[in-house]
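Okay, structure first, notes after.
The values are calculated or read from the model by the stated rules, or taken from the named source; none is laboratory data. Quick caveat: nothing in here was measured; it's all calculated off a predicted structure. Cβ coordinates were reconstructed from backbone atoms using ideal geometry, including for glycine residues, and neighbour counts include every protein chain displayed. Only protein heavy atoms, including side chains, enter the accessible area calculation; ligands, DNA and RNA are left aside. Shrake-Rupley method; radii C 1.70, N 1.55, O 1.52, S 1.80 Å.
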Amino acid sequence: MTSHDAAQEAPSQGQDKAPGKAPAKDPWDLPDVSGLVVGVLGGTGDQGRGLAYRLARAGQKVVIGSRAAERARAAADELGLGVEGADNAECARRSDIVIVAVPWDGHAKTLESLREELAGKLVVDCVNPLGFDKKGAYALKPEEGSAAEQAAALLPDSRVTAAFHHLSAVLLQDESIEEIDTDVMVLGEVRADTDLVQALAARIPGMRGVFAGRLRNAHQVESLVANLISVNRRYKAHAGLRVTDV
């Protein structure tokens with residue numbers, strides 16, 4: 001038996017249930033998040049704006065955040081669908097789930113300034129630390145290991161997860177597209193939190209949230225965006241990801 005075969009066989013070796021042991025939780029039994037308010041920090045940028053639009057279109061209550069409240073309100077008015085705009089601090093205070101979609105170069109400073117407002121919140125980091133040169137996009141390695149781990153270090157009183165890294169801002173903002181054909185890799189330390197993020201992703205038609213490990217694995221997920229950018233440039237596409245056999 002190869003090591004790969006052994007790894008596949010291992011789960012079945014302990015499947016005899018102990019007396020009184022509860023059955024394993026169905027990984028697709030996800031909570032109802034329809035009543036939660038979602039804030040999008042960086043909601044005036046392409047990625048944040050696209051996520052705000054898709055979630056609001058799916059019926060989620062969405063608040064866009066920006067450093068300037070006027071800019072956030074203008075973007076919200078353009079989107080319609082009941083989306084509201086506020087400065088970043090007010091956006092964080094009013095939201096149950098806060099998506100971080102700010103540029104990488106402003107990531108740390110933004111989160112440091114909102115530590116108090118984000119305390120106790122479920123934070124979803126979708127920032128990709130990337131560099132660009134004449135060869136194209138390439139991954140950067142933050143000192144903490146990833147953008148998500150940097151967020152966790154800066155927000156010790158928040159529940160930090162990572163998701164929504166691989167989505168095309170072009171597709172997200174295209175009103176003629178009914179469904180976004182992609183999976184969303186979700187990472188985090190607490191199952192209840194990653195379940196909420198998976199459920200949020202599933203609110204968008206065509207999307208599915210898939211648990212992809214702890215935050216220590218976020219660097220690989222963030223870095224893969226550099227590969228997708230190369231795919232998109234070569235094939236003039238807006239590539240996403242699908243995880244098979246789950």
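From (1) in a helix (DSSP H, G or I); (2) small (Gly, Ala, Ser); (3) touching a helix residue (DSSP H, G or I) at 6+ places or on another chain (Cβ under 7 Å), pick out the condition that doesn't hold for residue 76. Among (1) in a helix (DSSP H, G or I); (2) small (Gly, Ala, Ser); (3) touching a helix residue (DSSP H, G or I) at 6+ places or on another chain (Cβ under 7 Å), residue 76 violates only (3). When the stretch 24-49 is filtered for residues that are of a type in the set (Gly, Ala, Ser) and surrounded by fewer than 24 Cβ atoms within 10 Å (Cβ to Cβ), the ones remaining, listed by number, are 24, 34, 35, 45. The number of residues in the stretch 191-246 being polar (S, T, N, Q) and free of Cβ contacts under 8 Å to residues at least 12 places away in the same chain comes to 3. Entry remark, the stretch 56-74: residues being among the aliphatic types (A, V, I, L, M) and crowded, with 24+ Cβ neighbours inside 10 Å number 4 in total.
Residues checked against (1) under 16 Å from the mean Cα position of the chain (by Cα); (2) touching a residue at least 40 places away in the same chain (Cβ under 8 Å); (3) open to solvent by 10 Å² or more (accessible area, probe 1.4 Å):
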position	(1), (2), (3)
138	no, yes, yes
146	yes, yes, no
149	yes, yes, yes
162	yes, yes, no
170	no, yes, yes
186	yes, no, no
189	yes, no, yes
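Tell me, yes or no, whether the stretch 201-220 has at least one residue that is over 17 Å from residue 141 (Cα atoms), in a helix (DSSP H, G or I) and out of contact with any Cys (no Cβ under 8 Å at 6 or more places or on another chain). Yes, the conditions are met somewhere in the stretch 201-220. For the stretch 82-111, the tally of residues that are touching a residue at least 24 places away in the same chain (Cβ under 8 Å), among the small types (Gly, Ala, Ser) and open to solvent by less than 10 Å² (accessible area, probe 1.4 Å) stands at 2. Exactly one residue among 122, 114, 79 is over 19 Å from the mean Cα position of the chain (by Cα), over 30 Å from residue 230 (Cβ atoms), open to solvent by less than 70 Å² (accessible area, probe 1.4 Å) and modelled with pLDDT of 95 or more, and that residue is 79.
With respect to (1) open to solvent by 20 Å² or more (accessible area, probe 1.4 Å); (2) in contact with a strand residue (DSSP E or B) (Cβ under 7 Å, 6 or more places away or on another chain), the lone exception for residue 156 is condition (2).
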